[in-house]
Amino acid sequence: MFAAVQRWGGVLVRPRATFEAFHAAHSADPRVGKWDAWALTGLYVAGSQVQAISEALAKYQAFDSLAILFNGVAMAVLAPILVGFLAEALLGARHRAYGNMTLVPLVALATLANLLRQQGVQLPGPHYLPEMMGSAWAVALAFWGRARLPKFEAESKKSKSTSSESPADD
C-alpha cells in the first residue's frame, strides 16, 4: 500500500521519475499497479462523490427504484472511467500500464475541491470545474507520456505475436 501511495503522489510531483520507477517495478512484477484503477476510482468516489451517492441512496429509499440507485452510482463513477479510457487510448498499447496512474490528478483535484467546498470556500467557475481541470491534467499527462515514457516491450511483443498469428486454413 505504501508503494501505491508513493506512486500516486510521485505522479503529481515528479512524473518522469515516478513513471520510470513504475516501469522498472512493473517489468519485474506485472502485478504492480494492477489494482490502481479500482483503488483510484474508489478514492474518487470516497473523496468527492459521497454527496451524490448519499442522494442516490435517499432517492432509492424514497421511490424504491433500483434504476435511480443505479443512475446515481453510475454518474458518480463516470468521470474516472471515461478519463481512464481516454488516457489509455492516448497512451497506446505499449504504454497501457501507465494509464491507471493518470487518474491521480483527477482524484486529487476533485477531492481537494470537495474538501474546500465543505469548509465553505467558494470556488470560481461551475461546480464541476475541478473534475474538468483534473481530466485535462490527466490527458496532458497521457500526451506527455506517450512521447517520453519507456515502452513495455514484453507486452507489446506478446500482443503483436498473438495478433499476427492467423488460424490455419483448412
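Readers should treat all values here as calculations from the given coordinates under stated rules, not as data from a laboratory. Just so it is clear, the model here is predicted, and its values are computed rather than measured. As a convention, Cβ positions derive from the backbone with ideal geometry for all residues, glycine included, and neighbour counts pool all protein chains shown.
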- Task: Just grab the label-to-label distance for residue 122 and residue 31, each label 7 Å out from Cα along the Cβ direction, in nm (one decimal).
- Result: 5.2
- Can you run the Rg to Rh ratio on the stretch 1-92? Use alpha carbon positions and the Kirkwood inverse-distance Rh. 1.11
- Quick one: putting +1 on the C-beta of Lys and Arg, -1 on the C-beta of Asp and Glu, what dipole do you get for the stretch 1-87 around its Cα centre, in Debye to the nearest 20? 240
- Item | Inter-part distance where the stretch 111-132 and the stretch 65-80 are each reduced to a Cα centre, Å | 21
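Which of the trypsin sites (Lys or Arg not before Pro) found in the stretch 1-103 are in a DSSP loop and have at most 14 neighbouring Cβ atoms, other than their own, within 10 Å?
Taking the stretch 1-103 and a limit of 14 other Cβ atoms within 10 Å, the loop trypsin sites (Lys or Arg not before Pro) found are 31, 34.
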- Query: Looking at [x] 1.12; [y] 1.22; [z] 1.56, which value of Cα Rg over 2.2 N^0.38 Å comes from a calculation on the structure shown?
  - Reply: [y]
- Cα extents of the stretch 1-40 along the three principal axes, largest first, in whole Å? 24, 21, 15
